[in-house]
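The values are calculated or read from the model by the stated rules, or taken from the named source; none is laboratory data. Just so you know, these numbers come straight off a predicted model, no measurement behind them. Backbone-built Cβ (ideal geometry, glycine too); neighbour counts: all protein chains shown. Protein only, heavy atoms only, side chains kept; ligands, DNA and RNA dropped before computing areas. Shrake-Rupley method; radii C 1.70, N 1.55, O 1.52, S 1.80 Å.
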Amino acid sequence: MAPSLPPLNALRTFAVAARRLSFTLAAQELGVTQAAVSHQIRSLETWLGVELFKRRNKQVILTESGQVYAVAVNQALDEIAEATAALVRADSRGGGLTLSTMSSFAIKWLVHRLSGFLNSHPEVAVRLHTSMELASFAGDGVDVAVRMARKVADGLHADLLLEEELMPVCSPALLEGPRPLRDPADLRHHVLLQDVGISWSWWLDPLGLRGLDGQRPVRGPGYLDSALAIQACIDGQGVMLGRTVIVEDDIQAGRLIEPFSVRVPNPMKYWLVCPPSHLIRPPVRAFRDWILAEAQAWSRLHPAGPA
């Protein structure tokens, strides 16, 4: 049997009084009398059998139990407010869905698959927002996000979407010329394009190639957007540390090649994240089911492991 709840009006009154540490200010905020606030607090204390406030002259302070309870009550009320806002957004937007992700993932993996979701769910109007900034989900209108991280912040629902590997990739043109790229040591003759957020040390260190026989490669320009780094690589401007999720299509099309078959796992993973309350929305549930299925299909075709 589920535990019974205290009177919700008393809980709301307690939350405001605990935040303001004043029955008078709480009464002003709630639009009631001070006596009504005092009555609600006493009824809650009686129901709980626990003293929540110490009354000292015209001041009130939280007891130790009251401090602990105030944190839990405010968190619960915030979750109710967020769930209510999500439900209202769902009703006002109809079948709208706003997705936030990195532009490289959108361009190289998501967009050309998205028609499958749109064909299956024509009632859902998808809005795609690309940004390197993490979605706050608090007033930014984002329903669900795809992000790369080692782990996900507490308080969010998270599904592991994709894992990938890192490997050097380059234009086929770099296999020819006066400095052909044939084995890892040949990297010392080439420009290493910097995809910000992906460190070459993750690849060089495990193979003992950090020094590359004492001759360091040229450090190339840095790109905040991986899609830009990929285009520079396709244009023959250097070698980049590719991520299988976003370079696989270019490899299949012959625009990029792996000059040598050496891969290491990427410690960063792709996650689908949203506040738990957003899962009540049918468009969010439908998109989650679809993208998880797409990710599983991709992973079966591109299993992580030795090349």
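Pairing each residue of region 145-160 that is free of Cβ contacts under 8 Å to residues at least 12 places away in the same chain with any residue that is assigned to a strand (DSSP E or B) and not aliphatic (A, V, I, L, M), provided the two are 6+ apart or on different chains, yields C-beta distances under 9 Å for LYS151/LYS269; LYS151/TRP271. For region 258-272, indicate whether the set of residues that are in contact (Cβ under 8 Å) with a residue 24 or more places away in the chain and more than 27 Å from LEU193 (Cβ to Cβ) is non-empty. Within region 258-272, one or more residues are in contact (Cβ under 8 Å) with a residue 24 or more places away in the chain and more than 27 Å from LEU193 (Cβ to Cβ). Scanning region 119-133 for residues that are without any contact (Cβ under 8 Å) to a residue 24 or more places away in the chain and over 15 Å from ALA106 (Cα atoms) yields a count of 2. Among the residues of region 129-161, those identified as of a type in the set (A, V, I, L, M, F, W, C) and either open to solvent by 70 Å² or more (accessible area, probe 1.4 Å) or assigned to a loop (DSSP other than H, G, I, E, B) (or both) are MET132, LEU134, ALA135, PHE137, ALA138, VAL142, VAL152, ALA153, LEU156, LEU160. For region 259-307, a residue qualifies if it is of a type in the set (Lys, Arg), at pLDDT 90 or above and not in a helix (DSSP H, G or I), and exactly one does: LYS269.
Evaluating GLN231 against the criteria (1) polar (S, T, N, Q); (2) assigned to a helix (DSSP H, G or I); (3) modelled with pLDDT under 80 leaves one unmet condition, (3).
If we scan region 28-46, do we find a residue that is at pLDDT 90 or above, touching an Asp or Glu at 6+ places or on another chain (Cβ under 6 Å), under 26 Å from PRO6 (Cβ atoms) and of a type in the set (A, V, I, L, M, F, W, C)? Scanning region 28-46 turns up no residue that is at pLDDT 90 or above, touching an Asp or Glu at 6+ places or on another chain (Cβ under 6 Å), under 26 Å from PRO6 (Cβ atoms) and of a type in the set (A, V, I, L, M, F, W, C). Contact map, region 6-29: residues that are at negative phi and surrounded by 15 or more Cβ atoms within 10 Å (Cβ to Cβ) paired with residues that are in a loop (DSSP other than H, G, I, E, B) and not hydrophobic (A, V, I, L, M, F, W, C), Cβ distance under 8 Å, separation 6+ or inter-chain. Pairs shown: ALA27/THR33.
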